[in-house]
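Derivation of every value follows stated rules applied to the coordinates shown; laboratory data play no part. Since this is a predicted model, take the numbers as computed values, not measurements. Note that each Cβ is placed from the backbone with ideal geometry, even for glycine, and that neighbours are counted across all protein chains shown.
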Amino acid sequence: MQLGHLVPFGDIGGDPDTVRDYAQGLEALGYDFMEAPDHVLGANAGSRPGWEAGRNTSDDLFHDPFVLLGYVSGIAPKLSFSTGVLIVAQRQTALVAKQAACLDVLCKGRFRLGIGVGWNEVEFVGLNENFHNRGRRSEEQAQVMQALWANHHVTFKGKYHTIDDAGINPRPASGRVPLWYGGHHEKTLPRIAKWGDGWMPNAYPPDQTAVEIFSELRRLTEAAGRDPASIGIEVWTSCGAGSEADWRREAAFWQAAGASHICLTTTFHRRHHHRIAGKSLGDHLAALQRYRDAVADFL
């Protein structure tokens, strides 16, 4: 399994030196990938009584994922990268395809595009996109992006997109950017089975529920005429609770269940995940070292 980390800029800040020290520290510790979340707009919780605790606000720092990973790719050349996840339905599709292709070229194929449909209507309104058809549009977006990555020129006429014999340059050398899906909506698995290269769930603890849903993904992929073994699974884990022995048992479970990637989060604090107590860069790097040492033989 590959091991990565979700960037903790909400704790450590995002100035250039911090970004550099974090990325190079992650690389030096032997992590395989760095994962960047995405929010363009944060709501002003002060003007929205009852805003759900734990949901992002305008006080939370999010670097644009393409800018962030483009910067880091040149200073941490051994790391791979992913978005976790980019809210594709609030963006212009051809522009995302172009940005992803450019990043893929500049980091020499070390990039996975994780996408999701999003939950924050505030962002969709501010970006002038329809919140209520975002899932349906995202299905067509996947097809448009994959066509643009694979072909020099594309002619496409869909419900939401029209391209008249045009293309992007550069394109990824492989003809595609790996497209991974986040989310747990009932339509997520069928979408992965048709168009995806992987799934990035964070809702499932290491138990039989996860085993069964992974089996369902493999069944749907085979029914779509694709090889289930070609679909990666990235699970999220945390190290804010439990011991090294507990982390090892969980890593062993995910390996046996067929996970290809583990993304450690040191700030996520929902469901069965627990954030670490400290908030400094040193606190995060120490937790990263401790976790990797505990699970190293599963990587």
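Here are the numbers for this structure:
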quantity: Estimated distance in nm for a label pair at Arg226 and Glu121, the labels positioned 7 Å out from Cα along Cα-to-Cβ; calculated: 3.2
quantity: Pairwise FRET efficiency - Gln92 versus Trp51, Cβ, R0 = 22 Å, nearest 0.05; calculated: 0.20
quantity: Cα-projected label distance for Val40 with Arg136, points at 7 Å along beta-carbon direction, nm; calculated: 2.1
quantity: Added length on full extension, which subtracts the Cα-Cα distance from 0.36 nm per residue, His274 to Ser58; calculated: 75.5 nm
quantity: Tensor-based shape of the range 1-133 (alpha-carbon gyration tensor, a/c under 1.5 rounded, otherwise prolate or oblate); calculated: oblate
quantity: Rounded to 10°, Cα long-axis angle of helix 134-150 versus longest principal axis of the chain; calculated: 80
quantity: Ranked by how many other beta carbons lie within 10 Å on average, peptides 65-75, 146-156 from highest; calculated: 65-75, 146-156
quantity: Inter-label distance for Leu281 and Asp164, nm, one decimal - labels placed 7 Å from Cα along Cα-to-Cβ; calculated: 5.1
quantity: Subset of Lys108/Lys157; Lys159/Lys194; Lys98/Lys157; Lys108/Lys194 violating a 22 Å alpha-carbon distance limit; calculated: Lys108/Lys157; Lys108/Lys194
quantity: Highest-first arrangement of 50-56, 173-179, where packing means the average Cβ count within 10 Å; calculated: 173-179, 50-56
quantity: Ellipsoid semi-axes in whole angstrom, largest first, where each is sqrt(5λ) of the Cα gyration tensor of the range 145-270; calculated: 34, 17, 13
quantity: Length-normalised contact order for the chain - Cα pairs under 8 Å, 6+ apart - percent; calculated: 19
quantity: Residues of the range 117-131 with amide N under 13 Å of the 7 Å Cα→Cβ point at Lys187; calculated: 117-118, 131
quantity: log₁₀ of I(q)/I(0) at q = 0.06, 0.12, 0.13 Å⁻¹ - the chain, Debye sum with one point per alpha carbon; calculated: -0.19, -0.80, -0.95
quantity: P(r) tail fraction, the range 215-279 - alpha-carbon pairs more than 21 Å apart, %; calculated: 36
